[in-house]
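Please read the structure below before turning to the comments.
The values are calculated or read from the model by the stated rules, or taken from the named source; none is laboratory data. The structure displayed is predicted, hence computed values, not measured ones. We place every Cβ from the backbone using ideal geometry, glycine too, and count neighbours over all the protein chains shown.
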Amino acid sequence: MADALVSTQWVADHLSQIRLVEVDVDTTQYESSHIAGAVGFNWQSQLQDQVQRDILTKEDFAALLGQSGISSDTHVVLYGDNNNWFAA
């Protein structure tokens, strides 16, 4: 999708209309520094099923999003360290 990537300027221009989500390889990065207003997802404890060692089910992911104020009409921008590896 051509519109799947946005620039930092686009984020700055639309900050009040989007929800930023940070996902890092180093899960301590969010605590030490993140964009103001961004929610941090820990890929180890929040995005993986802890029993099956797989990604979350659709229902569990929807619950996580809802707990973070994200609904089906929310525009989400993911970012993170390591070239956005885990964010992608």
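Structure data summary
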item	result
Within segment 1-17, tally of residues that are farther than 13 Å from Y79 by Cα and either touching a His at 6+ places or on another chain (Cβ under 8 Å) or in contact (Cβ under 8 Å) with a residue 12 or more places away in the chain (or both)	3
So N83, is it at pLDDT below 90 and under 13 Å from the mean Cα position of the chain (by Cα)	no
Subset of segment 18-45 that is among the β-branched types (V, I, T) and touching a residue at least 12 places away in the same chain (Cβ under 8 Å) - its residue that is farthest from W85 (Cα to Cα)	I18
Long-range neighbours under 7 Å by Cβ, at least six apart or interchain, first residue touching a residue at least 12 places away in the same chain (Cβ under 8 Å) and farther than 14 Å from A38 by Cα within segment 72-88, second part of a loop (DSSP other than H, G, I, E, B) and small (G, A, S)	F86/G80
